[in-house]
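Notes for the one structure printed next.
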Amino acid sequence: MQGLGLRKTFEWLREVIDGKNIKILYEVRGVLTESSSSLWIPISLFPLNPFFMSVKSSKVAGIMYEINGENTVFSIKLIKNLEENKIKIKLALKGFLLDSVFKNHTMSWKVKFEAPHVHIVMFPINKSVKVLNPKGYILKKQKKIKEVIWKRRKGYEGIVTLKIA
């Protein structure tokens, strides 16, 4: 998705999954590469059918989504006459995971990060979670939640696969 108006410098993603329900908090910092405010700029993709969307940024005029096969693409429209090319966007989403994510107690979906990032997937504490892919994660247990955390110093594109019981 990079190169179409936004060069990402850092990404932070938190996904809270409870059954088929999902809440997503996504934050991205970057530099605008085109000054055209008439374009919709894709910023992320997630495997959900949203029923709530919120965007927070002083430079964003609107947000839209398009369900495209196994993922939903989220795009922003910039306000006119931007003076600075640095941007920070906070996106909050609520929705239902797409059916393509689930197979035999296994959840699997594609992720794509273009910059250094932190990716956190959270589950209720009563769920048994086994990470099949990717490696290099930290598992934290807190009072009511389990967190699977990946921290990377560069971008990553691949499949997240979790076995849930």
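Of the residues Ile89, Ile76, which single one is of a type in the set (A, V, I, L, M, F, W, C), surrounded by 15 or more Cβ atoms within 10 Å (Cβ to Cβ), within 15 Å of the chain's Cα centre (by Cα) and over 26 Å from Ile149 (Cα atoms)?
Numbers: Ile89 fails: over 26 Å from Ile149 (Cα atoms).
The unique qualifying residue is Ile76.
Could you please tell me which pairs satisfy a Cβ distance under 6 Å, a separation of 6+ or placement on different chains, a first residue in region 60-76 that is at pLDDT below 90, and a second residue that is of a type in the set (Gly, Ala, Ser)?
Note: pairs meeting the criteria are Glu70/Ser100.
Give the residue, chosen from Lys140, Lys110, Lys163, Lys127, that is surrounded by 11 or more Cβ atoms within 10 Å (Cβ to Cβ), among the basic types (Lys, Arg) and without any contact (Cβ under 8 Å) to a residue 12 or more places away in the chain.
Working: Lys110 fails: without any contact (Cβ under 8 Å) to a residue 12 or more places away in the chain; Lys163 fails: without any contact (Cβ under 8 Å) to a residue 12 or more places away in the chain; Lys127 fails: without any contact (Cβ under 8 Å) to a residue 12 or more places away in the chain.
Exactly one residue qualifies, and that residue is Lys140.
Please tell me if Ile24 is within 26 Å of Pro134 (Cβ to Cβ), free of Cβ contacts under 8 Å to residues at least 40 places away in the same chain and hydrophobic (A, V, I, L, M, F, W, C). Working first, answer last.
Working: within 26 Å of Pro134 (Cβ to Cβ): yes; free of Cβ contacts under 8 Å to residues at least 40 places away in the same chain: no; hydrophobic (A, V, I, L, M, F, W, C): yes.
Criteria not met by Ile24.
If Lys94 meets every condition in (1) touching a Phe, Trp or Tyr at 6+ places or on another chain (Cβ under 9 Å); (2) more than 25 Å from Lys146 (Cα to Cα) apart from one, which number is that one?
All conditions are met except number (2).
Exactly one condition in (1) in a strand (DSSP E or B); (2) at pLDDT below 95; (3) hydroxyl-bearing (Ser, Thr, Tyr) is false for Ser37; which is it?
Condition (1) is where Ser37 drops out.
Restricting attention to region 52-61, which residues are in a strand (DSSP E or B) and surrounded by 12 or more Cβ atoms within 10 Å (Cβ to Cβ)? Walk me through how you get there before you give the answer.
From region 52-61, those in a strand (DSSP E or B) are 52-56, 60-61; that's our starting set.
Within region 52-61, Met53, Val55, Val60, Ala61 meet the criteria.
Among Lys94, Lys80, which is the only one that is in contact (Cβ under 8 Å) with a residue 40 or more places away in the chain, part of a strand (DSSP E or B) and not polar (S, T, N, Q)? Don't jump to the end; show me each part of the working.
Numbers: Lys80 fails: part of a strand (DSSP E or B).
Lys94 is the lone residue from the list that is in contact (Cβ under 8 Å) with a residue 40 or more places away in the chain, part of a strand (DSSP E or B) and not polar (S, T, N, Q).
Looking at the structure I just gave you, is Leu132 more than 17 Å from Asp18 (Cα to Cα), in contact with a Leu (Cβ under 9 Å, 6 or more places away or on another chain) and either surrounded by 14 or more Cβ atoms within 10 Å (Cβ to Cβ) or not β-branched (Val, Ile, Thr) (or both)?
Details: more than 17 Å from Asp18 (Cα to Cα): yes; in contact with a Leu (Cβ under 9 Å, 6 or more places away or on another chain): yes; either surrounded by 14 or more Cβ atoms within 10 Å (Cβ to Cβ) or not β-branched (Val, Ile, Thr) (or both): yes.
Taking the combined requirement at face value, the residue satisfies it.
Considering only region 144-160, state which residues are outside any loop (DSSP other than H, G, I, E, B), in contact (Cβ under 8 Å) with a residue 40 or more places away in the chain and over 21 Å from His105 (Cα atoms).
Scanning region 144-160 gives Tyr156, Glu157.
The values are calculated or read from the model by the stated rules, or taken from the named source; none is laboratory data. The shown structure was predicted, so the numbers you read here are calculated from the model rather than taken from an experiment. Quick reminder, even Gly has a Cβ in these numbers, built from the backbone with ideal geometry, and neighbours come from all protein chains shown.
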